[in-house]
Amino acid sequence: MKTYLPAKFIVERNTERCIRCKVCVNQCSFDVNCYDAEDDKIKSYEENCVSCHRCVIFCPTQALSIQKNPLEYRENYNWRPEAIEDIIKQAETGAVLLTGMGDDKTQRIYWDHLVLNASQVTNPSIDPLREPMELTTYLGRKPDRVELNEDLSVRTELFPQVKLEVPIMFAAMSYGAVSLNVQESFARAVTETGTLWNTGEGGLHPKLYKYGKNTIVQVASGRFGVHAEYLDAGAMVEIKVGQGAKPGIGGHLPGEKVTAEVSQTRMIPRGTDALSPAPHHDIYSIEDLSQLIYALKEATNYTKPISVKIAAVHNSAAIASGMVRAGADIIVLDGLRGSTGAAPKIIRDNVGIPIELALAAVDNRLRQESIRNQASVVVSGGIRNSGDIVKAITLGADAVNIGTAALVALGCTVCQQCHTGKCAWGICTSDLFLTKRINPDIGAQRLANLLRGWSIEIKDIMGGLGVNAIESLRGNRLHLRGIGLTDTELNILGVQMAGS
Amino acid sequence: MAKRVNVDTPVKIDATGVSHRELNIKLREAVANGAQKIQLHNVHGQRYIGTDLNKPVEINIFGTPGNDLGAFMDGPQIIVHGNAQDGCGNTMNNGQIIVHGHAGDIIGMSARGGSIFVKEDIGYRAGIHMKEYEEKQPVIVVGGTAQDFLGEYMAGGILVLLGLNLCQGEHHKAKFVGTGTHGGVIYLRGSIEQYQLGKEVGTTELKGKDSQTLQKLVGKFATYFGYDAEKILNHKFIKLYPKYLRPYGRLYVY
């Protein structure tokens, strides 16, 4: 069938600069650039271009630039190019539109409507360059009160905790969705920084077991790669119920991505689809969730905290309350902008609620019920910089997960082609030719650099607020003010209007 | 220093009024002390029995164990002298569970290895999302019949339903059998209507290799529960298999 889709981008090649070195040909995994030996010319099949900028960055003579194809449809606010082109794709295939990364639509980003306070005159700010600043965070259930024996030893039963040197973890990305080199980069960066990465639902490759004490091992509905040794390996076990990019639906790792090594780690035959069902078939209620939480506590002999991850949805606060009562030591909320290796586009862009609102609602609810201490709260979904992180902690989070930001540190340009498995940056692919593009030595360094930079910035903001421990900031919403928000929004966020 | 136990005499544990946590602590202790046979008496709904054990110890359970019996288990043999509840053998890796009675829902869910033998009937969603990898192949053999969603999303393993308690001419009861299945095999002794099967399931006659597999598994079943294997095998079986490796391959645009 002739496609009615126009090319999205134009590849401009400056022929005076081009030296026919074919780097762009070799780097492009979407078959855009090709060398015509007869004419000694590089040509471009622009209809394939996704604007990932791999060729632009690697062209040694800066001969390339990529632009939006200026081809304009007649202007129509309702029928914008995306709406038209989506319909064309579906008319030509009769199938579900897939996409990668997080929701790219225009829903309000509340981080941009929140501003932080700083000390002026009446209270002194702190200079983090010459005074100690504490970012250490412990995740896990905290007792209601602590009782001491006469000899001052602790009588209260304490629960397992995981220590983070910085309140930033890497979000769950499975082996299969991302490559082993990407996971190794994560594992080495968090080991250096003193935080955690998350296996996602694809099991743990034998090569990465040595990073176990900085690893969260995930148990999701497909139960891929879950066995006693795997559960023992991690610092924490996470039950994944939902994901912000696709609340309420499962995951399909397409058979093409199930290579020999992926099949070994997931323990399924090579080339079959790895299907993660929409629900856990042993969790149909809060009571069932409790059963799985305690099954995992038994399986790990009560030595590790158990976390439960859900997508932020309308009744997250009530669900979170149930999760805490079910025995979850850590609650992970993944918001509307949470990212993915592949999700139906219509779900990604239309289902779930912004993480800022979900976080505020959950923190409120748990406080009202006096059970906030019984679980740590971790949030994710669109966190872009250290300012977002400080705002999240000030709204009530204990720590955050970053996914897209971590991938951008590795080279990702958010071209949203993860679902194709052709990632030219070698991140979201299992093609061995492409996965080599991530060197774990360099990847780990880039990630550790990002965490270091953000840590310094967080300390700077804290110092300005006159706070020297991240704990003093947690849930301290008086440090926040809203701008451009309605009363209802301010009310849900639990913050006052700027100026008040 | 904990005392060593004589490996031949079973260690007896009375589960009266003992929580699942305490019971599993006792089990771990007994196994750590080298026990090879353990008897649990007066079991009354305690969950997660044997969950984190990874030794080939034999555990005889008298009474009714609770949900998630042998979940994540890696090696023990559990013999239930009574009925088992839901989640028996959930995500099991290795070992064996033999139930001299009925078992509840989702038995063998996501199992990766090991075997489960149930004398009577089983509940809903049995064998859902079982897997296999090379020589690791989970097995469920059931003397009676099963409820709906049997072997849904199955990605590997062997499920056998013997239907011994069905009357002459009575079909198996389960509906939506094998929906979304993309691996593994189900053997049914007795009949089932086409409408009871998921649309990803094909039916066929047994071949030589299938009969060998069944002989082995039914032989074990007969030994455990005191049946005549010949009599069971001397009956028509059908084989249900996944029609596609990738049932949802054409779901997406790309």
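Quick check on this structure: which one of B:50, B:34, B:17, B:45 is more than 24 Å from residue B:157 (Cα to Cα) and within 14 Å of another protein chain (Cβ to nearest Cβ)?
One residue alone meets the criteria, B:45.
Report, by residue number, each residue of region A:205-241 that is hydroxyl-bearing (Ser, Thr, Tyr) and either without any contact (Cβ under 8 Å) to a residue 12 or more places away in the chain or more than 14 Å from chain B (Cβ to nearest Cβ) (or both).
Hits for region A:205-241 are A:209, A:211, A:215.
Given the conditions (1) among the β-branched types (Val, Ile, Thr); (2) away from chain B (no Cβ under 14 Å); (3) in contact with a helix residue (DSSP H, G or I) (Cβ under 7 Å, 6 or more places away or on another chain), which single one is not true for residue A:109?
The one condition residue A:109 does not meet is (3).
When you look at residue A:331, is it at pLDDT 95 or above and within 14 Å of another protein chain (Cβ to nearest Cβ), yes or no?
Spelling it out, it is not the case that residue A:331 is at pLDDT 95 or above and within 14 Å of another protein chain (Cβ to nearest Cβ).
Among the listed residues B:127, B:89, B:104, B:144, which satisfies the condition of being buried (at least 19 other Cβ atoms within 10 Å of the Cβ), within 14 Å of chain A (Cβ to nearest Cβ) and either on the phi < 0 side of the Ramachandran plot or in contact (Cβ under 8 Å) with a residue 60 or more places away in the chain (or both)?
Result of the check over B:127, B:89, B:104, B:144: B:104.
With the requirement that a residue be in contact with a Phe, Trp or Tyr (Cβ under 8 Å, 6 or more places away or on another chain) and of a type in the set (D, E, K, R), what does region A:107-141 give you? Break it down stepwise before answering.
So the first thing to find is which residues in region A:107-141 are in contact with a Phe, Trp or Tyr (Cβ under 8 Å, 6 or more places away or on another chain), and the list is A:140-141.
Within region A:107-141, just A:141 meets the criteria.
Just a yes or no: is a residue in region A:165-179 of a type in the set (Asp, Glu) and touching a Leu at 6+ places or on another chain (Cβ under 9 Å)?
Yes, that holds for at least one residue.
Would you be able to say whether some residue in region B:69-77 is charged (D, E, K, R), crowded, with 19+ Cβ neighbours inside 10 Å, within 14 Å of chain A (Cβ to nearest Cβ) and farther than 23 Å from residue B:224 by Cα?
no
Run residue B:180 past the list (1) modelled with pLDDT of 95 or more; (2) at positive phi and report the number of the one that doesn't hold.
In the conditions (1) modelled with pLDDT of 95 or more; (2) at positive phi, residue B:180 misses (1) alone.
Inside region A:69-84, can you point out the residues that are loosely packed, with under 10 Cβ neighbours inside 10 Å, of a type in the set (D, E, K, R) and under 18 Å from residue A:4 (Cα atoms)?
Once the filter is applied, which keeps residues that are loosely packed, with under 10 Cβ neighbours inside 10 Å, of a type in the set (D, E, K, R) and under 18 Å from residue A:4 (Cα atoms), region A:69-84 yields A:72, A:74.
Collect the residues in region A:242-273 that are farther than 12 Å from residue B:131 by Cα, at the interface with chain B (Cβ under 9 Å from one of its Cβ atoms) and touching a residue at least 60 places away in the same chain (Cβ under 8 Å), keeping them in residue-number order.
A:252, A:254
Restricting attention to region B:183-193, does a residue exist that is within 14 Å of chain A (Cβ to nearest Cβ), surrounded by 15 or more Cβ atoms within 10 Å (Cβ to Cβ) and assigned to a loop (DSSP other than H, G, I, E, B)?
no
Output the residue which, of all residues in region B:194-229 that are among the hydrophobic types (A, V, I, L, M, F, W, C) and either outside any helix (DSSP H, G or I) or farther than 28 Å from residue B:148 by Cβ (or both), is nearest to the chain's Cα centre (by Cα). I'd like the intermediate steps shown before the answer.
Looking only at region B:194-229, we keep the residues that are among the hydrophobic types (A, V, I, L, M, F, W, C), and these are B:197, B:201, B:206, B:214, B:217-218, B:221-222, B:225, B:229.
Narrowing the set further to residues that are either outside any helix (DSSP H, G or I) or farther than 28 Å from residue B:148 by Cβ (or both) leaves B:197, B:201, B:206, B:229.
Working: B:197: 21, B:201: 21, B:206: 22, B:229: 19 Å.
Top of the filtered list is B:229.
Can you give me the ranges of the strands (runs of 3 or more DSSP E) entirely in region A:63-179 with at least 1 residues that are assigned by TED's automatic domain parsing to the domain that holds residue A:304, basic (Lys, Arg) and under 32 Å from the mean Cα position of the chain (by Cα)? Break it down into steps so the answer makes sense when it comes.
Details: elements: A:64-68, A:114-116, A:137-139, A:162-164, A:168-170.
It comes to A:162-164.
For region A:11-49, which residues satisfy the criterion of being crowded, with 17+ Cβ neighbours inside 10 Å, in a strand (DSSP E or B) and either in contact with a Lys or Arg (Cβ under 6 Å, 6 or more places away or on another chain) or among the hydrophobic types (A, V, I, L, M, F, W, C) (or both)?
Listed by number, the residues that qualify are A:11, A:42.
The values are calculated or read from the model by the stated rules, or taken from the named source; none is laboratory data. None of these values were measured; they are calculated from a predicted model. Note: ideal-geometry Cβ built from the backbone for every residue, glycine included; neighbour counts use all protein chains shown.
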